[in-house]
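The values are calculated or read from the model by the stated rules, or taken from the named source; none is laboratory data. Worth saying up front: this structure is predicted, and the values here are computed from it rather than measured. A quick note on method: Cβ atoms are made from the backbone with ideal geometry, for glycine too, and the neighbour counts reach across all protein chains shown.
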Amino acid sequence: MRIALCQLPISPEPGINLERVAEAMATAARLGADLAVFPEATQARFGSDLRAVAEPLDGSFGTGLSELANGAGVALVAGVFEPAPDGRVYNTAVAYAGSGELVAAYRKIHLFDSLGERESALVAPGSEPVVADLAGTPTGFATCYDIRFPELTRALVARGAELIVVPGAWAAGLFKEEHWVTLVRARAIENTVWVAAAGQVPDPASPPTRAPTGVGRSMLVDPMGAVRADLGLWPQVAVAELDSAMTARVRAVLPCLEHRRDEVFGPADPDRWTDTAGHAVPVSGSGPATEWDAARSR
């Protein structure tokens, strides 16, 4: 599988961004990519009027992404904004097959209410991890700040993900770039999984903003933590190879996923939490004893 990391400057104007996606998709197709991964908030950069640009997934921006995927014959992941019922928006990563079919929509679970930012003022959180088939590979989704939460990536791998895609708009700041590189590699290493992380870079053609506009450093990292591609600080599209056979080889000699102690920590996938009759129960709170509780009491 060949993955295009599409590191773009993002404008406040969705139409400009769709043109930039089109150029990147043409490059990705020319370089033989099967999947192109774009940044978080590809539709419009943070600091824009997100409520004004948000639209249903079958709106003009989503339709444009679908048409570009179909025209290039390349699967596509990009960040958009959907209206949320409470007046905020969802920060959503959408995925289209090379046919243009919408195959997944992941709403960002962990919101960036840190380091002086308060994403939750405008963005409503999602609540469901997502795994879908992209270009023949089971793919899990995480968005930017999600990378700081290892339990999400582990849940995606427990659901069968062999690749994690991470659209990002990583905020600049003291040690922030080091955090990004370290966290992306850590999620790959601890889960023996490929990670494709695509970030924004600032757009010099747009007015200055204090909102996060990215630091670049889009990366493809293999299951041993080796960086197969690192796009640095400038806008570009680069294609690198995901070797699915390597995943099996690494897991054969480093079977850490098999060594996880579910009877101690509970299942990595929340959907596997059941009561003694096989009924799903909440991960926390009062309720019937779970199989994990029973195992711990033995």
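Laid out as a table, the results:
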read-out	value
Verdict on A158 being touching a residue at least 24 places away in the same chain (Cβ under 8 Å), buried (at least 18 other Cβ atoms within 10 Å of the Cβ) and either in contact with a strand residue (DSSP E or B) (Cβ under 7 Å, 6 or more places away or on another chain) or not assigned by TED's automatic domain parsing to the domain that holds A54 (or both)	no
Sole residue being surrounded by 16 or more Cβ atoms within 10 Å (Cβ to Cβ), modelled with pLDDT of 95 or more and over 27 Å from S127 (Cα atoms), chosen from A248, A238	A238
A197 being buried (at least 18 other Cβ atoms within 10 Å of the Cβ) and either acidic (D, E) or in a loop (DSSP other than H, G, I, E, B) (or both)	no
Subset tally (residues that are over 17 Å from P212 (Cα atoms), in contact with a helix residue (DSSP H, G or I) (Cβ under 7 Å, 6 or more places away or on another chain) and aliphatic (A, V, I, L, M)) for region 98-143	4
Residues located in region 174-207, provided they are among the aromatic types (F, W, Y) and out of contact with any Pro (no Cβ under 9 Å at 6 or more places or on another chain)	F175, W180
T42 vs. criteria among the polar types (S, T, N, Q) and under 28 Å from L122 (Cβ atoms)	yes
Matching option when the condition is at positive phi and in the same structural domain as L242 (by TED's automatic domain parsing), among G62, G87, G71, G15	G87
Pairs with Cβ under 8 Å, 6+ apart, first in region 119-147 and in contact (Cβ under 8 Å) with a residue 24 or more places away in the chain and over 28 Å from G47 (Cβ atoms), second among the polar types (S, T, N, Q) and not in a loop (DSSP other than H, G, I, E, B)	V131/T139; A132/T139; D133/T139; T137/S244; G140/T153
Cross-chain or 6+ apart pairs with Cβ under 7 Å, region 168-191 first and closer than 23 Å to V253 by Cα, then small (G, A, S) and surrounded by 14 or more Cβ atoms within 10 Å (Cβ to Cβ)	V184/A197; R185/G225; A188/G225; I189/G225
Filter result for R107 (surrounded by fewer than 21 Cβ atoms within 10 Å (Cβ to Cβ) and in contact with a Phe, Trp or Tyr (Cβ under 9 Å, 6 or more places away or on another chain))	yes
Subset tally (residues that are in a helix (DSSP H, G or I), touching an Asp or Glu at 6+ places or on another chain (Cβ under 8 Å) and not aliphatic (A, V, I, L, M)) for region 220-250	2
Residues of region 17-70 satisfying the condition of being closer than 27 Å to P207 by Cβ and basic (K, R)	R20, R45, R51
Near pairs, Cβ below 6 angstrom, 6+ apart or cross-chain, from region 29-53 (farther than 28 Å from A240 by Cα) to any residue that is among the acidic types (D, E) and at pLDDT 95 or above	none
Enumeration of residues in region 1-22 that are out of contact with any strand residue (DSSP E or B) (no Cβ under 6 Å at 6 or more places or on another chain), in contact (Cβ under 8 Å) with a residue 60 or more places away in the chain and surrounded by 24 or more Cβ atoms within 10 Å (Cβ to Cβ)	L8, I10
Those residues of region 218-267 which are of a type in the set (V, I, T) and touching a residue at least 60 places away in the same chain (Cβ under 8 Å), in sequence order	V237, V239, T247
Test: residue in region 20-30 that is in a loop (DSSP other than H, G, I, E, B), assigned by TED's automatic domain parsing to the domain that holds D146 and of a type in the set (V, I, T)	no
